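Below is one structure, written out as structure tokens, with a few remarks after it.
The values are calculated or read from the model by the stated rules, or taken from the named source; none is laboratory data. The structure presented is a predicted model; accordingly, all values stated were derived computationally and were not measured. Reconstructed Cβ throughout: ideal geometry from the backbone, glycine too, with neighbour counts over all protein chains shown. Ligands, DNA and RNA are excluded from the accessible area calculation, which covers all protein heavy atoms including side chains. Shrake-Rupley method; radii C 1.70, N 1.55, O 1.52, S 1.80 Å.
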Amino acid sequence: MKYILPLLFVFVTSFRPPETSVYICGSSGAKKYHYKETCRGLSSCRNETVKTSLKQAQGLGLTLCGWED
């Protein structure tokens, strides 16, 4: 019984939710990120669409596309 609480603590603290993936236009002028690869805001992207993490997109200074919110 005395081992259950420490094991539960380790389990709960080690659980990490999966990172949210987003899509960005591969051009250097990209300003927005998109949750869906089919987002209307990506239709004007002339380069490849790149899948990345939300954290990385926000770290690049990108903000959520207006069509997504």
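Mind checking which pairs have a first residue in segment 26-47 that is in contact (Cβ under 8 Å) with a residue 24 or more places away in the chain and a second that is assigned to a loop (DSSP other than H, G, I, E, B) and hydroxyl-bearing (Ser, Thr, Tyr), Cβ under 8 Å, 6 or more apart or different chains?
35/20
For segment 29-61, which positions are open to solvent by 80 Å² or more (accessible area, probe 1.4 Å) and of a type in the set (A, V, I, L, M)?
Correct list: 60 only.
Return the total of residues in segment 53-64 being part of a strand (DSSP E or B) and closer than 15 Å to residue 28 by Cα. Reasoning before the result, please.
Looking only at segment 53-64, we keep the residues that are part of a strand (DSSP E or B), and these are 53, 63-64.
In the following step, the residues that additionally are closer than 15 Å to residue 28 by Cα were identified as 63.
Within segment 53-64, residues that are part of a strand (DSSP E or B) and closer than 15 Å to residue 28 by Cα number 1.
Has segment 10-22 got any residue that is in a loop (DSSP other than H, G, I, E, B), open to solvent by 70 Å² or more (accessible area, probe 1.4 Å), among the aromatic types (Phe, Trp, Tyr) and at pLDDT below 90? Lay out the reasoning, then the answer.
Pass one, segment 10-22, residues in a loop (DSSP other than H, G, I, E, B): 15-20.
Narrowing further to those that are open to solvent by 70 Å² or more (accessible area, probe 1.4 Å): 15-19.
Add one more test, that the residue is among the aromatic types (Phe, Trp, Tyr), and what stays is 15.
Checking the rest, the ones that are also at pLDDT below 90 come to 15.
Yes, some residue in segment 10-22 is in a loop (DSSP other than H, G, I, E, B), open to solvent by 70 Å² or more (accessible area, probe 1.4 Å), among the aromatic types (Phe, Trp, Tyr) and at pLDDT below 90.
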